[in-house]
Amino acid sequence: MAGVNYPTDREFLKKELGLSKVSPNSMDGVSSRDHILEFLFACTQLMIHVSRICEDIILYSSQEFGILKLPDSLTTGSSIMPQKKNPDIAELIRGKSGRVIGNLNHLLVMLKGLPSTYNRDLQEDKLALFDSIETVQISLEGIREMIEGWIWAPERAEISLKNGFATATDLADFLVNEKKIPFRTAHELVGTLVGVCVKQKKTLFDLPESDRVSISKYFVGKEYEDAVSLSLSADKKISYGGTSKKRQEEQLKIALDSLKEAERLFL
């Protein structure tokens, strides 16, 4: 495969076929599968992200967490436990991510031992490509339905956050920012407070004030309550990419702008 002996107009052919450019090397033109590899890598990267979302769904909908529920249409009952709902769609998509990863690996392994120019082995690229496209399409449809139908249980999440001392770092930050205490000292004070809570089987919210004051004079009143507040915690993360309402709106705008640009380019 080194070209042809006839006067051909490859630029004309390129335009007729709607291609963007002409391959500068005839051997590379028939043997390269770089474009398929790049596409399969994009599919693999996408499926890894989707798989991690599915793992979050499976984890958070488990009995141990219980902060997320899926509609019955997206789950199945257990064959032995009547109370159990299995997140089948999430589990199936998580499994299919390995399939797409395997297709990419299949093509990489196939290409590594081929001599330059065309070989019949290259016919295998179609199977990997078409299967990955179909798998990604099905998976995206499934993840869309789960996101549209999921129901969150904030009251269950609040219990977990309180018992897990989720705002302990916020309390340390309060001591640093508002009371000008060195972080090393603030870390030690909050660590002592958490230790007392654990010992008494209490949380930062129901430990008696007398016990808190014995550790630090700043662990009292509205300032303390605001410092450990779950509802205020997210909005305190004001750095770019953080969880404050302003930063979330920024991230949402970036995502929507990216989606509009993709639609403009490809649809």
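The values are calculated or read from the model by the stated rules, or taken from the named source; none is laboratory data. Note that this is a predicted model, so its numbers are computed, not measured. All Cβ positions, even for glycine, are placed from backbone atoms using ideal geometry, and neighbour counts span all protein chains on display.
Collect the residues in the range 236-259 that are among the small types (G, A, S) and in contact (Cβ under 8 Å) with a residue 24 or more places away in the chain, keeping them in residue-number order.
Scanning the range 236-259 gives no hits.
Quick one: F266 ticks every box in (1) in the same structural domain as F174 (by TED's automatic domain parsing); (2) loosely packed, with under 14 Cβ neighbours inside 10 Å bar one, so which box is it?
Every listed condition holds for F266 apart from (1).
Suppose the filter is surrounded by fewer than 15 Cβ atoms within 10 Å (Cβ to Cβ) and under 22 Å from the mean Cα position of the chain (by Cα); does L92 pass it?
Yes; evaluated as a whole, the condition is true for this residue.
Looking at the structure I just gave you, is E64 modelled with pLDDT of 95 or more and loosely packed, with under 11 Cβ neighbours inside 10 Å?
no
Which condition breaks for D206 when tested against (1) surrounded by fewer than 17 Cβ atoms within 10 Å (Cβ to Cβ); (2) modelled with pLDDT of 95 or more; (3) assigned to a helix (DSSP H, G or I)?
With (1) surrounded by fewer than 17 Cβ atoms within 10 Å (Cβ to Cβ); (2) modelled with pLDDT of 95 or more; (3) assigned to a helix (DSSP H, G or I) applied to D206, the lone miss is (3).
Kindly indicate whether any position in the range 130-153 is touching a helix residue (DSSP H, G or I) at 6+ places or on another chain (Cβ under 7 Å), farther than 19 Å from Q63 by Cα and free of Cβ contacts under 8 Å to residues at least 24 places away in the same chain.
No: zero hits.
Just give me the residues in the range 73-89 being assigned to a helix (DSSP H, G or I) and crowded, with 17+ Cβ neighbours inside 10 Å, in sequence order.
L74, I89
Can you pull out the residues in the range 30-42 that are in contact (Cβ under 8 Å) with a residue 12 or more places away in the chain and of a type outside the set (D, E, K, R)?
Matches in the range 30-42: V30, S31, I36, L37, F39, L40, F41.
Looking at L193, L161, L171, L189, which is the one that is surrounded by 13 or more Cβ atoms within 10 Å (Cβ to Cβ), under 20 Å from K237 (Cβ atoms) and at pLDDT 95 or above?
L171 is the lone residue from the list that is surrounded by 13 or more Cβ atoms within 10 Å (Cβ to Cβ), under 20 Å from K237 (Cβ atoms) and at pLDDT 95 or above.
Of everything in the range 27-38, what is within 22 Å of E134 (Cβ to Cβ) and surrounded by 15 or more Cβ atoms within 10 Å (Cβ to Cβ)? Give them in sequence order.
Selection gives R33, I36, L37.
Mind counting the residues in the range 234-261 that are more than 29 Å from L161 (Cα to Cα) and assigned to a loop (DSSP other than H, G, I, E, B)?
Final tally of qualifying residues: 0.
Quick one: L171 ticks every box in (1) in contact (Cβ under 8 Å) with a residue 40 or more places away in the chain; (2) over 26 Å from E155 (Cα atoms) bar one, so which box is it?
Against the list (1) in contact (Cβ under 8 Å) with a residue 40 or more places away in the chain; (2) over 26 Å from E155 (Cα atoms), L171 comes up short only on (2).
What pairs come out if I take residues in the range 2-22 that are within 19 Å of T117 (Cβ to Cβ) and pair them with residues that are among the basic types (K, R) and surrounded by 10 or more Cβ atoms within 10 Å (Cβ to Cβ) whose C-beta lies under 9 Å away, six or more apart or interchain?
V22/R10; V22/K14
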